[in-house]
1. What strands (runs of 3 or more DSSP E), lying completely within the range 162-221, carry at least 1 residues that are of a type outside the set (A, V, I, L, M, F, W, C) and open to solvent by less than 30 Å² (accessible area, probe 1.4 Å)?
2. Given the options L229, L195, name the one that is in contact with a Leu (Cβ under 6 Å, 6 or more places away or on another chain), touching a residue at least 24 places away in the same chain (Cβ under 8 Å) and over 27 Å from Y60 (Cα atoms).
3. Just to be sure I understand, how many residues within the range 121-134 are out of contact with any helix residue (DSSP H, G or I) (no Cβ under 8 Å at 6 or more places or on another chain) and closer than 11 Å to P205 by Cα?
4. Would you mind stating whether A87 is among the small types (G, A, S) and either under 24 Å from R3 (Cβ atoms) or in contact with a helix residue (DSSP H, G or I) (Cβ under 9 Å, 6 or more places away or on another chain) (or both)?
5. Any residue at all in the range 2-25 that's over 29 Å from E197 (Cα atoms) and open to solvent by less than 10 Å² (accessible area, probe 1.4 Å)?
6. Which residues, counting only those in the range 15-39, are in contact (Cβ under 8 Å) with a residue 12 or more places away in the chain, under 17 Å from G89 (Cα atoms) and assigned to a helix (DSSP H, G or I)?
7. I'm checking my understanding of the structure. Among residues of the range 48-86 that are open to solvent by less than 40 Å² (accessible area, probe 1.4 Å) and assigned to a strand (DSSP E or B), which one is nearest to G102 (Cα to Cα)?
8. Looking only at the range 107-139, which residues are open to solvent by 20 Å² or more (accessible area, probe 1.4 Å), under 13 Å from the mean Cα position of the chain (by Cα) and not charged (D, E, K, R)?
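The values are calculated or read from the model by the stated rules, or taken from the named source; none is laboratory data. A quick note: this is a predicted structure, and the numbers were derived from the prediction, not measured. Every residue, glycine as well, gets a Cβ built from its backbone with ideal geometry; the counts of neighbours run over all protein chains shown. The accessibility values were calculated without ligands, DNA or RNA, using every heavy atom of the protein model including side chains. Shrake-Rupley method; radii C 1.70, N 1.55, O 1.52, S 1.80 Å.
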Amino acid sequence: MIRLKTEEQIKHIREACHLTARLMDELSRYIEVGMSTLDIDQYCYQFIIKNKGVPAFLHYEGFPATACISVNEEVIHGIPSSKRIIAEGDLVDVDLGINLNGHFSDMARTFIIGKTKDEYRKLCEVTEQSLKLAIEAAQAKGARIQDISAAVYKHASKHGYGVVRDYCGHGVGLAVHEEPEIPNYTSSYLPNPRLREGMVLAIEPMINLGTHKVKVLANDWTVVTMDGLPSAHFEDTVACTKNGLEVLTVLD
C-alpha cells in the first residue's frame, strides 16, 4: 500500500533530505585518491551523528555500514572496506539515507575522482540527465509511475547504455523502502499508478556502460555488472505536494 504523507510529515522529510544534500555536497570535496571506501563511510557516519540523525542504512536488513559505496563496476550496495582504495579515474557511487526523528531521506551521487576516461564521464553525465528528465516527467499533470520509467529508459538507451532492471526506485519517507516501486524501464506487466499528492518517491537511475545484466557477489550485498564495465547511479527524493512536485534532496 502506498503511504501518502501529510504536509507536516513532508516538512520533516524535507529536513532529513536537506541534511543529506549537505552531506553529499561535503563529500564532493572530501573524496580523493588514496582514501579507502571505509574512510568515506566513517565520514558519513560522523556527519550524521553530529547532526543528530541516525544512519538509515546501517543494520537495515543486515547491511553493515552507513553508506553503500560502489566503485566502477559495482552498481549498488557496495560494502565499505579499508582495503578498497580510491584511485585516479574511479567512479564512486555513494548512496545513503538519514533517519531524522523517524523521517527518512534517500540520495545517491556518482563522483568522478580526478581525470577519468571520456566514456566514463559521459556515462555519469547521461545518468544524471536521466534523473533530471525523470523528475521533469513526474512534474507533468496526470503523470504516472511509468512516465518516470520511460524518461530514464528512453534517454539512457538512446546512448546505447544498459538500464538495470533488477533494482529500482521506490517510495520513501516514513521508512527506508516503501511502495510503489519505480523501475527504470517500462512494461505492460508492471503497476502504473498515477502520482498523487502526498507521495514521496526516491527516483534512481542505475545505468551501465555495457550490458544491463547484473549479479550479486558472494557477500550477498554488492551488485556488479555482468561484463565488468562501469555503472553510474544518481538518486533524489521528491515529494508530490499541493504546489506540485518538489525535489527534497537539495541544499536549503
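1. Here the list reads 169-171, 178-182, 206-208.
2. L229 is the lone residue from the list that is in contact with a Leu (Cβ under 6 Å, 6 or more places away or on another chain), touching a residue at least 24 places away in the same chain (Cβ under 8 Å) and over 27 Å from Y60 (Cα atoms).
3. 3
4. no
5. For the range 2-25, residues over 29 Å from E197 (Cα atoms) and open to solvent by less than 10 Å² (accessible area, probe 1.4 Å): absent.
6. L27, S28, Y30, T37
7. Step by step, filter the range 48-86, then rank; the result is P55.
8. Hit for the range 107-139 is F111, nothing else.
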